[in-house]
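Report on the structure given below.
The values are calculated or read from the model by the stated rules, or taken from the named source; none is laboratory data. In this text, all values refer to a predicted model and were calculated from it rather than measured experimentally. Note that each Cβ is placed from the backbone with ideal geometry, even for glycine, and that neighbours are counted across all protein chains shown.
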Amino acid sequence: MSTELQVISQAQDYQLADGDTPVVGIVVSDWNPQITGTLRAAAVEQLKHVGLSEEDIKILEVPGSWELPFGVKKIQMLHSDLTAIIAIGSVIKGDTRHDEYINSAVTSALMQISLVGNTPVILGLLTTEDEQQARDRAGGSHGNKGYEWALSALKMSQLKSQSSKKRIGF
Ligand code: RBF
């Protein structure tokens, strides 16, 4: 697995393993919609690039990042065949400490859901100091994190469905 720092600004080639049929859920927050919309578009583009169809990608919208954990639980109830779920949100620091409370609660809830359930949850939460930092990561100078999150979802889908001890070749 590569540990090099990569800036990904477009869909990457990725070979699905034989018999691997990922079905990916995307839960996306409507707060800071220009940012989350761009992240979501990149994630969908990446998944389609490797061969997933519209049917293999299930999308659920929630009002804000705070609602992401409930959205993840809900999408699992609606679609029992999901192999991974990406939770997308953008929390931007403001005059109050809302960002700290939201980020802390949401990240630990998503981790809990991932571990208690049997479906990996990909953390697609931008936690930035300002809007520019968010833009930089949603199609700007730091690429578009949506592509990376989709690739993580594909890798974790493969890991979830792995039934033997053979090494997974990412
Ligand atoms: N939700 C986000 O996804 N990103 C934000 O930057 C964000 N900022 C907020 C700031 C304040 C002061 C409040 C009260 C809410 C904010 N929310 C934000 C919305 C939050 O995630 C949630 O949708 C609402 O609090 C309703 O539960």
Odd one out for residue 96 among (1) in contact (Cβ under 8 Å) with a residue 24 or more places away in the chain; (2) surrounded by fewer than 17 Cβ atoms within 10 Å (Cβ to Cβ): (1)
Enumeration of residues in region 132-169 that are more than 16 Å from the chain's Cα centre (by Cα), of a type in the set (S, T, N, Q) and modelled with pLDDT of 95 or more: 132, 133, 141
Any hit, region 113-125, residues being in contact with a helix residue (DSSP H, G or I) (Cβ under 6 Å, 6 or more places away or on another chain), surrounded by fewer than 18 Cβ atoms within 10 Å (Cβ to Cβ) and over 20 Å from residue 67 (Cβ atoms): no
Scope region 62-88; condition surrounded by 15 or more Cβ atoms within 10 Å (Cβ to Cβ) and acidic (Asp, Glu); matching residues: 67
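Do we find a residue being part of a helix (DSSP H, G or I) and among the polar types (S, T, N, Q) anywhere in region 81-91? Lay out the reasoning, then the answer.
Pass one, region 81-91, residues part of a helix (DSSP H, G or I): none.
Among the residues of region 81-91, not one is part of a helix (DSSP H, G or I) and among the polar types (S, T, N, Q), which makes the answer no.
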Residue check for residue 39: under 17 Å from the mean Cα position of the chain (by Cα), in a loop (DSSP other than H, G, I, E, B) and closer than 15 Å to residue 122 by Cβ: no
Qualifying positions in region 83-105 - within 8 Å of the ligand (Cβ to nearest atom) and either under 20 Å from residue 150 (Cα atoms) or of a type in the set (Ser, Thr, Tyr) (or both): 89, 90, 91, 96
